[in-house]
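Shown next, in structure tokens, is the structure this report addresses.
The values are calculated or read from the model by the stated rules, or taken from the named source; none is laboratory data. All figures in this text were calculated on a predicted structure; none of them were measured in a lab. Backbone-built Cβ (ideal geometry, glycine too); neighbour counts: all protein chains shown. Quick note on the areas: whole protein, heavy atoms, side chains included, nothing else; ligands and nucleic acids left out. Shrake-Rupley method; radii C 1.70, N 1.55, O 1.52, S 1.80 Å.
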Amino acid sequence: MILRPGQVLAEPLATGICGSDLSAARHTDAFLRASRDSGTEAFLFDPDADLVMGHQLCARVLSPGEWRGKVVVGLPWVLDGGGTLRTVGYATAFPGGFGQRVVLQEAALIPVPDHVAPHAAALTEPLAVGFGNVARAAPEPGSGAVIGSGPIGLGAVAALVERGVAPVVGSEPSPRRRALAERFGAHVCVDPAARDPYDAWCAAAPPHTPLTVLERSGRAGMFDEILHRAPRRTRVLLIGACMTEDVFTPAVGLYKDISVTMCMTYPPEEFARTLERIAEGTIDAAALVTGQVGLGGVSAALDTLRQPDDHVKVLVRPGLPGTGLHPAP
């Protein structure tokens, strides 16, 4: 690995397996096509070359200079030799945390306080996406929200509650994730197979309460379902990326005055603030970890996570032996 000015070499300590990793592995052609069609070079890689994923990471800096020996997290961006921004773990030349070494941009690093364990610090990135997109949407107290409860959704639940948004309705098939959503402050949690989340919202919210729907699943058909089920003048944040072509009925959303924002970026200061929340104990990041694997278990873990199950976040820990799934720390 070649270090350029402003970069450090680090060893990953804990790295989360993200839903985006599953999408990139399962829908590689569509993932790359979307990157090219949108002009987003940060997610372009050579599909015929080896790719080491892993962007939700906590690492120890090996070299150089003042960062040496420090445990850090950071926004997973790095500049290549031409000055193009690349995503660590989605760039052929910049392997991610599912390996033994990573190159990180010094300007993106944040030191992890000594009392915060690496497995908790590694949750900074997914939780920050939730906190950051809520900050971007800025729903006011006196409004409410409906949201799924994966790792990003749980960050958003905590962010909504922190802002005084109520009621927050969690819609989630997984019992474990529903329990975590309640722990993170959701006022109502429903299994969408058993109860319509919008019925639950209408029952819990006072009349005329503004609604924000945060869609994180990326499941085909979900956006059209939201347009049909959400009340008039709902705001929709599409945070999860559907990797396949999708079909929806624009006139339904048009007639209902539904506002839609497709979310990729968020205020970068929310990343550092999220680590502060973890360090302060205002959010229990470690509670999201439901399993761990060593480097030899990454492939099997990806296969496991492609199936509907009750996992929330599986971490890759280079020091763990074997190919099987280890319990959470």
Note to self: Based on this model, can you work out whether ASP191 counts as open to solvent by 60 Å² or more (accessible area, probe 1.4 Å), more than 22 Å from PHE31 (Cβ to Cβ) and charged (D, E, K, R)?
What the structure shows: no
Margin query: Can you say whether ALA286 is touching a residue at least 24 places away in the same chain (Cβ under 8 Å) and within 18 Å of the chain's Cα centre (by Cα), as far as the supplied structure shows?
Written below: yes
Notebook entry, point to check: Counting only residues that are closer than 21 Å to ILE278 by Cα, assigned to a helix (DSSP H, G or I) and of a type outside the set (Gly, Ala, Ser), how many does the stretch 158-183 have?
Noted result: 9
Notebook entry, point to check: Any idea which residue in the stretch 263-283 is farthest from ALA128 (Cα to Cα), counting only those that are open to solvent by 60 Å² or more (accessible area, probe 1.4 Å), in a loop (DSSP other than H, G, I, E, B) and not hydroxyl-bearing (Ser, Thr, Tyr)?
Noted result: MET264
Check: Can you tell me which residues in the stretch 51-68 are out of contact with any Phe, Trp or Tyr (no Cβ under 6 Å at 6 or more places or on another chain) and open to solvent by less than 20 Å² (accessible area, probe 1.4 Å)?
Finding: HIS55, GLN56, LEU57, CYS58, ALA59
Item checked: Lone qualifier among ARG235, ARG216 - being among the basic types (Lys, Arg), touching a Ser or Thr at 6+ places or on another chain (Cβ under 7 Å) and within 26 Å of GLY144 (Cα to Cα) -> ARG235
Next item on the list: For the stretch 284-329, name all the residues that are open to solvent by 20 Å² or more (accessible area, probe 1.4 Å), among the hydrophobic types (A, V, I, L, M, F, W, C) and part of a loop (DSSP other than H, G, I, E, B).
Entry: LEU320, LEU325, ALA328
Check: Under the condition of being assigned to a loop (DSSP other than H, G, I, E, B) and among the aliphatic types (A, V, I, L, M), which residue from the stretch 233-262 is most open to solvent (accessible area, probe 1.4 Å)?
Finding: VAL247
Checklist line | Filtered residues of the stretch 112-157 (kept if part of a helix (DSSP H, G or I), open to solvent by less than 10 Å² (accessible area, probe 1.4 Å) and under 20 Å from LEU211 (Cβ atoms)) | finding: GLY130, PHE131, ASN133, VAL134, GLY153, LEU154, GLY155, ALA156, VAL157
Check: When PRO207 is evaluated against the numbered criteria (1) closer than 24 Å to LEU254 by Cα; (2) at pLDDT 90 or above; (3) open to solvent by less than 20 Å² (accessible area, probe 1.4 Å), which criterion, by number, is the only one it fails?
Finding: (3)
Item checked: strands (runs of 3 or more DSSP E) wholly inside the stretch 12-97 containing at least 3 residues that are within 24 Å of VAL116 (Cα to Cα) -> 56-63, 71-74
Next item on the list: Evaluate the following for THR304: is it hydroxyl-bearing (Ser, Thr, Tyr) and modelled with pLDDT of 95 or more?
Entry: no
